[in-house]
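One structure is given here, and the rest of the page talks about it.
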Amino acid sequence: MTTLPRSSAPWIVERPARFSDAAEDFLNELTRQQPWRKARCEEWLEALSDALGDPILGAAFPEDQAHAWLCTLPDAEELEGRALVGEFDSYLREWGWLTPRP
């Protein structure tokens, strides 16, 4: 018996899910759990979305492009940016926006 992964990804009618759709969902969940982090995380995800061009989400997170964006950050901010990108990537997989890693 095949078990389908749990997914709370919103039903996107007539179009594929985009990075910005997932980022908004992530921020809503983050705000529910840790409201004090919303403003800063929203800034980071908007900047990352701008750098990536709001790609359509597929089976993989655009890691190479995200890494290139992280390299443009000042040293003092790069660690925080890396942590958020990792947390967002995990969220995307856990909530069914991306295919789970084997």
For residues in the stretch 61-102 being among the acidic types (Asp, Glu) and closer than 19 Å to Glu43 by Cβ, which is surrounded by the fewest Cβ atoms within 10 Å (Cβ to Cβ)?
-> Asp75
Starting from the stretch 61-84, take each residue that is within 22 Å of Trp95 (Cβ to Cβ) and list its partners that are surrounded by 14 or more Cβ atoms within 10 Å (Cβ to Cβ) and acidic (Asp, Glu), counting only C-beta distances under 8 angstrom and pairs at least six apart or across chains.
-> Phe61/Asp89; Glu63/Asp89
Given (1) open to solvent by 60 Å² or more (accessible area, probe 1.4 Å); (2) in contact with a Leu (Cβ under 9 Å, 6 or more places away or on another chain), where does Gly58 come up short, assuming only one miss?
-> (1)
Reported set for the stretch 17-37 where residues are over 15 Å from Ala83 (Cβ atoms), free of Cβ contacts under 8 Å to residues at least 60 places away in the same chain and open to solvent by less than 70 Å² (accessible area, probe 1.4 Å) is Phe19, Ser20, Asp21, Leu27, Thr31
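The values are calculated or read from the model by the stated rules, or taken from the named source; none is laboratory data. Because the structure is predicted, anything quoted here is derived from the model rather than measured. Ideal geometry is used to build each Cβ from the backbone, glycine not excepted, and the neighbour counts take in all protein chains shown. Ligands, DNA and RNA are stripped out before the accessible areas are found, and what is left, the full protein with its side chains, is counted by its heavy atoms. Shrake-Rupley method; radii C 1.70, N 1.55, O 1.52, S 1.80 Å.
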